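See structure below.
What follows draws every value from the coordinates through simple rules; no lab data is involved. Since the model is a prediction, treat every value here as computed from it, not as a measurement. Here Cβ is always computed from backbone atoms with ideal geometry, including for glycine, and neighbour counts include all displayed protein chains.
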Amino acid sequence: MSAAGSRAVAALGLGELPEIGPAVVSLGVFDGVHRGHSALLQATRAAAAELAASAVALVFDPPPDEVLRPGTRVARLTPLATVLERIQHDEGLDRALPLRFDDALRGLPAEDFLEALAPAIALRGLVMSPESAFGRGRGGTAARMRELGAERGFAVTTVDPVIVAGLPVSSSRIRQAIADGDMEAAAGMGRPPRLEGTVVRGDRRGRQLGFPTANLAFDYLPAMPSLGIYVGGVSVPERGVGPAHPALVSVGVRPTFHDEGVVLVEAHLLDYDGNLYGTHLALDLVARLRDERRFGDVAALVGQMRRDEADARAVLGIG
């Protein structure tokens, strides 16, 4: 490894990796852990089982585009903690390890990056998609990694993209489906779109209308759906709510009350009357009911909200 490479490795903090030993590795952002990601991760599990090694995902955070294009903010399908949890608990990998993506990592040749994983990770296999590449100048292509693997003693497995509706599944496609309000299309590429946040105090207007809501504040930039009324499922583990408690969800600016244009996410939990302030709430969006609109008076709004609740119950198949 070059002296510059050694300095970059030190800056990455890769020496702080846990001791894992022989491992098959897949690496990426894995935002949302969609069907394409699942195919990669399941191939990682299978290769690790064949080689009597651990199955490991290295998860880059923040998304590389935020480093490659300074000033860019990438909307996330799920926060990092949920990505790590899904990789281990849903996909069954042995470890999901976050790696800081920054200029030091960006500038590191792929060969030096893999060398830096040792001694914590003794690389036995690498799982990639055919078009993926990593390292400085995207030099870590599948073809180059096969050459390197022949020298260093690790195998390379490539996994073709998962095709849905004639196109490869990707996080960007899912973000677009969410932005279009097409929850069914987004879920078809992975799972229902999720918003996660802390329940904060609002102006209690929903309670005054007979529809108390949990108002969400986010500590990440979520992929937001188009303004409208949605059906969802809510999970609040610390209060024993969920894992898919039915909810009517508003994503909007409350035009009937001439609010200031700040987009609010408010969830009315059906058949629930409890205090959720300060809790962490996960909201999975199932279907879009209608556009947000302005009503002539509060009575008209409340009447529509009652119809929305009836529609939500019909979608969810509950009384």
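Relative to its residue count, the chain spans a Cα convex hull of 150 Å³ per residue. Here's the picture: charge each Lys and Arg Cβ at +1 and each Asp and Glu Cβ at -1 in the chain, and of L195, A104, G153 the one pushed furthest to the positive end of that dipole is L195. Modelled this way, with points 7 Å down the Cα-to-C-beta line, the labels at V200 and V315 are 2.5 nm from one another. Dipole size of the stretch 141-267 about its Cα centre, with +1 on Lys/Arg Cβ and -1 on Asp/Glu Cβ: approximately 200 debye, rounded to the nearest 20. What the phi angles of the stretch 98-114 give under the Karplus curve with 6.51, -1.76 and 1.60, with θ = phi - 60°, is a coupling list of x, 10, 5, 9, 8, 5, 5, 5, 4, x, 8, x, 4, 5, 5, 4, 5 Hz, glycine and proline written as x.
Available extension along the chain between Y272 and R207 is 22.2 nm, counting 0.36 nm per residue and deducting the alpha carbon span.
Basic side chains Lys and Arg get +1 at the Cβ, acidic Asp and Glu get -1 at the Cβ, and with that the dipole of the stretch 192-316 about its Cα centre reaches some 220 debye. Mean sequence separation of contacting Cα pairs (under 8 Å, at least six apart), scaled by the length of the chain, corresponds to a relative contact order of 16 percent. Evaluated with a Cβ-only charge set (Lys, Arg +1; Asp, Glu -1), the chain carries a dipole of roughly 320 debye about its Cα centre, given to the nearest 20. If R0 is 30 Å, the Cβ-Cβ spacing of E184 and L227 corresponds to a FRET efficiency of close to 0.95. Comparing L84, I178, T72 along the charge dipole axis of the chain, the residue lying farthest to the positive side is I178, per the Cβ-charge model. For the pair R307 and L167, the difference between a 0.36 nm per residue extended length and the Cα-Cα distance amounts to 46.7 nm.
Label-to-label distance, R290 versus D160, with points set 7 angstrom from Cα along the beta-carbon direction: 4.5 nm. For the chain, the share of DSSP beta bridges that are antiparallel, to the nearest 5, is 60%.
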